[in-house]
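The values are calculated or read from the model by the stated rules, or taken from the named source; none is laboratory data. From a predicted model like this one, the values you see are computed outputs, not experimental measurements. Using ideal geometry, Cβ is built from the backbone for each residue, glycine included, and neighbour counts are taken over all protein chains shown.
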Amino acid sequence: MFLFSEMSDRSPARLALAQSDWQVTARLLRGTFFDCPIALPPDLVVVEPAPLKSIEGLAPALAQHPVIARVPWLLVLDPQRLHLVPRLTCRDFVVRGCEPAELLGRAERLLGAAFHRDTVLHSGLLALDLQAHQAKLGDARLTLAPQEFALLRYLLQNQGRALSRDQLLHAVWGQRYQGGPRTVDVHIRRLRARLGAEASRLQTLREVGYQWTA
């Protein structure tokens, strides 16, 4: 779970989540920038803006984010902003000042929905278990480095789509990564060497990038 908060270490959301057994990663919320890993997306995102901050720009940024738009997110909302609820795309919200038990209860409900999603990706003989972080080719287990697993995961989650090197770089390595797009080529070559007959599904699109074919 990720908590994005504009408040201090003693933010109400952070203190409430500290009472749970979940693994919570807290990050500072900076405007509409969310430093959220695409390679290993969280099961839930909690967003806690500063009190009385306008969320007119925040909500669209959340809805368009390549990770957060695809996982449940819970918004801490000011009472003065309740009229915006019909326009929000979040799965749920809590009103600022609520009891910690309410935030934990709503988060637990959303996490329950997340844990019932299909967590194994299939393509031909390839199976990618997202929870166990394991890849198999038929009955044989594939040994993949973390970035190779993340790259393969993103390709399988976007089967049939043409993906540029920059897209893959930002999706798997993050926007702050300083390396060049040729990093993608190196990892693509390593994946092909490990995938055997299934490597033919990983196609190079000239002057575009790569595509995983179903």
Mind checking whether some residue in the range 52-60 is closer than 30 Å to residue 147 by Cα, surrounded by fewer than 15 Cβ atoms within 10 Å (Cβ to Cβ) and of a type in the set (Gly, Ala, Ser)?
no
Quickly run through the range 96-118 and pick out the residues that are surrounded by fewer than 16 Cβ atoms within 10 Å (Cβ to Cβ), modelled with pLDDT of 80 or more and either within 21 Å of residue 63 (Cβ to Cβ) or within 17 Å of the chain's Cα centre (by Cα) (or both).
109
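Can you pull out the strands (runs of 3 or more DSSP E) entirely within the range 23-107 that have at least 3 residues that are outside the structural domain of residue 9 (by TED's automatic domain parsing) and hydroxyl-bearing (Ser, Thr, Tyr)? Break it down stepwise before answering.
Working: elements: 25-28, 45-48, 73-77, 92-95.
In the range 23-107, no matching strands (runs of 3 or more DSSP E) lie anywhere.
Go through the range 133-150 and give me each residue that's aliphatic (A, V, I, L, M) and touching a residue at least 60 places away in the same chain (Cβ under 8 Å). Walk me through it before giving the result.
Residues of the range 133-150 that are aliphatic (A, V, I, L, M), as a first pass: 135, 137, 140, 142, 144-145, 150.
Across the range 133-150, the qualifying residues are 137, 150.
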What are the residues in the range 61-91 that are closer than 18 Å to residue 105 by Cα and either under 17 Å from the mean Cα position of the chain (by Cα) or exposed (fewer than 14 other Cβ atoms within 10 Å of the Cβ) (or both), if any?
71, 72, 73, 74, 75, 90, 91
Taking the range 1-32 and keeping residues farther than 22 Å from residue 78 by Cβ and among the acidic types (Asp, Glu) leaves 21
Residues (on the phi > 0 side of the Ramachandran plot and among the charged types (D, E, K, R)) located in the range 170-214:
207
Given the conditions (1) surrounded by 14 or more Cβ atoms within 10 Å (Cβ to Cβ); (2) among the aliphatic types (A, V, I, L, M); (3) outside any loop (DSSP other than H, G, I, E, B), every one holds for residue 7 apart from (3)
